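Since the structure comes first, as structure tokens, the remarks are kept for the end.
The values are calculated or read from the model by the stated rules, or taken from the named source; none is laboratory data. Here the structure is a predicted model, which is why all the values come from computation and not from measurement. So basically every Cβ, Gly included, is an ideal-geometry build from the backbone, and we count neighbours across all protein chains shown.
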Amino acid sequence: MDRFRTLTTAHIADACVRQGIPLRVAPPGLVGVSPGDRCAGRARPVRHAGSVDIYLEALESAEPGDVLVVDNAGRTDEACVGDLVALEVREAGLAGILIWGLHRDTADIRAIGLPVFSLGATPPGPTRVDERAPDALTAATIGAVTVTSADAVFADDDGALVVALDRVDEVLTTAEGIRDTERAQAERIAGGISLRQQVRFSSYLEARRSDGSLTFRQHLRMVGGEIEV
């Protein structure tokens, strides 16, 4: 999380592409309960089956800085996380909650201050208790993405994505380089040097006239641009 504070999920996504790592992105619509919510940490997966005790059990083995990843199958007929769970998770030192489903107690969750990401809110909680899946505490699904404790989660206003823990360091390092280049480019634009000038766009157009196979991405590689990866 310390390194992610000055990054965005867009930086992380671009870094994954740069490193040839398949993108594992939560579907659009999974957003923070409070604007500006952001979190990063090792995933602590949970498959919800209608009862809050699964969260308490997950917290027994969770570590500070983890992110609770809740799989409620994307259901929109019930909320599976409320204020008490958010408070318990905060007090356990976790970095946040990512829910493939809905939350409730929005005002209280905002007051608690824990970053919580979900598909939205609804008043009713679960009225069911289903049989717990064998992997209820080892794997969670967010859209088409399967998440385990061998993964890290990154989330902010743009959404959420998942990166294998053993690739996180290289992804963060690449993301930091992309961030620095983009910041420098933005400063130059503000100083009167257009982006077209910076990426030598007229040179690209001229080169493309003689080599129709040249792509803008290839050109950016040659001039050090970070607009596309």
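Based on this model, can you work out whether VAL153 counts as of a type in the set (A, V, I, L, M), touching a strand residue (DSSP E or B) at 6+ places or on another chain (Cβ under 9 Å) and in a helix (DSSP H, G or I)? Walk me through it before giving the result.
Numbers: of a type in the set (A, V, I, L, M): yes; touching a strand residue (DSSP E or B) at 6+ places or on another chain (Cβ under 9 Å): yes; in a helix (DSSP H, G or I): no.
Spelling it out, it is not the case that VAL153 is of a type in the set (A, V, I, L, M), touching a strand residue (DSSP E or B) at 6+ places or on another chain (Cβ under 9 Å) and in a helix (DSSP H, G or I).
Annotation: of all residues in segment 43-68 being surrounded by fewer than 20 Cβ atoms within 10 Å (Cβ to Cβ) and among the charged types (D, E, K, R), the one that is nearest to LEU84 (Cα to Cα) is ASP53.
Looking only at residues of segment 172-222 that are surrounded by 13 or more Cβ atoms within 10 Å (Cβ to Cβ) and basic (Lys, Arg), we find that the one that is nearest to HIS11 (Cα to Cα) is ARG179. Taking the criterion of being assigned to a helix (DSSP H, G or I) and among the charged types (D, E, K, R), the residues of segment 41-65 that qualify are ASP53, GLU57, GLU60. Checked against the criterion of being touching a residue at least 40 places away in the same chain (Cβ under 8 Å), closer than 27 Å to PRO45 by Cβ, in contact with a strand residue (DSSP E or B) (Cβ under 9 Å, 6 or more places away or on another chain) and aliphatic (A, V, I, L, M), the candidates VAL168, VAL163 yield just one match: VAL163. Whenever a residue of segment 19-44 is under 23 Å from GLY113 (Cβ atoms), its partners that are at pLDDT 95 or above and of a type in the set (Phe, Trp, Tyr), lying with C-beta atoms within less than 6 angstrom and at least six residues away or across chains, give the pairs LEU30/PHE117; GLY32/PHE117; ALA40/PHE4; ALA40/PHE154.
The condition of being more than 25 Å from PRO28 (Cβ to Cβ) and assigned by TED's automatic domain parsing to the domain that holds LEU59 holds for only one of LEU87, LEU98, that being LEU87. Among LEU23, LEU94, which is the only one that is assigned to a loop (DSSP other than H, G, I, E, B) and surrounded by 24 or more Cβ atoms within 10 Å (Cβ to Cβ)? When all the criteria are applied, what remains is LEU94.
Among all residues of segment 135-158, there is none that is within 14 Å of the chain's Cα centre (by Cα) and within 14 Å of ALA86 (Cβ to Cβ). I want to confirm something. Restricting to segment 118-156 and keeping residues that are among the acidic types (Asp, Glu) and surrounded by 15 or more Cβ atoms within 10 Å (Cβ to Cβ), which single residue is farthest from ARG38 (Cα to Cα)? Looking at residues that are among the acidic types (Asp, Glu) and surrounded by 15 or more Cβ atoms within 10 Å (Cβ to Cβ), I get ASP151. Annotation: of all residues in segment 1-20 being assigned to a loop (DSSP other than H, G, I, E, B) and at pLDDT 95 or above, the one that is surrounded by the fewest Cβ atoms within 10 Å (Cβ to Cβ) is GLY20.
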